[in-house]
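A short write-up of the structure that comes next.
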Amino acid sequence: MFHQLITWLAATVGQWGYSGIILLMALESSFFPFPSEVVIPPAAYLAATGKMSLIMVIICGITGSLIGAIFNYWLAFKFGRPFFEKYGRYMLISRKSLEKADLFFERHGYISTFIGRLLPGIRQYISLPAGLAHMGILSFCAATAFGAGIWIMILAALGYLFGRNEILIMHNLHWISLAIIIICAIMILLYRNGRKKRL
């Protein structure tokens, strides 16, 4: 059932064009946890064949991610934690995932919005603690767009270079994801050490 849904989502990119990318990335960035890997690489492949623009694929991907993230941010800002503890399961937001995002945000401050967009299992939910903490909307949007943009450009590059070779894309994505996690850990350490020196 879920495999059929993913297949439909991938086909939608080709049928709906740029608007499909925005819609699906908005869903991916909000409360519907399906992988962005089934949206951006196929669109980038279409760009490689001349049927789409790679720049527009990236712009639409970032736009969709920002829309979905703002939606989550607004829900958390407006209704607060009790709402998600009570109704989160209906939006596929578990208490565990919410606590994980809360802890990440609490430990690493505003930089977590940027870094969280790069980490699997965190990127869909990092907007919630940002909204709960009433993070400034302009700072939130900038950090979200920057973090999501890096991830989308990576996916677009893989799709553009390797086309329909899903195995090759996933193989490279695995190692890139590990590298991103290591880089993010280093960034967090540097950020925390920098803050300690300033205090």
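Packing around the peptides 136-143, 150-157, 41-48, 177-184, taken as the average count of other Cβ atoms within 10 Å per residue, puts them in this order, highest first: 41-48, 150-157, 136-143, 177-184. Straight-line cross-link reach from Lys78 at under 20 Å between alpha-carbon atoms covers these aspartates and glutamates, not counting any fewer than eight positions away in the same chain: Glu99, Asp102, Glu106.
Over all pairs of different C-alpha atoms in the stretch 84-174, the reciprocal of the mean inverse distance, the Kirkwood hydrodynamic radius, equals 14.3 Å. Suppose each label sits 7 Å from its Cα in the direction of the beta carbon; what would the Ile55-Asn165 distance come out to in nanometres? Using points 7 Å along Cα→Cβ, the separation is 2.8 nm.
By the rule of a C-alpha distance below 12 Å, with chain neighbours fewer than 8 residues away ignored, no aspartates and glutamates are paired with Lys86. Karplus-based coupling profile of the stretch 132-149, in residue order and whole Hz: 5, 7, 6, 4, x, 5, 5, 5, 4, 5, 5, 5, 5, 5, 5, x, 5, x, with θ = phi - 60° in 6.51 cos²θ - 1.76 cosθ + 1.60 and x standing for Gly or Pro.
Values quoted throughout were computed directly from the atomic coordinates according to the rules given, and no laboratory measurement underlies them. As the structure is a prediction and not an experimental result, all values here were calculated from the model. Cβ sites come from the backbone with ideal geometry, for glycine too, and all protein chains shown count toward neighbours.
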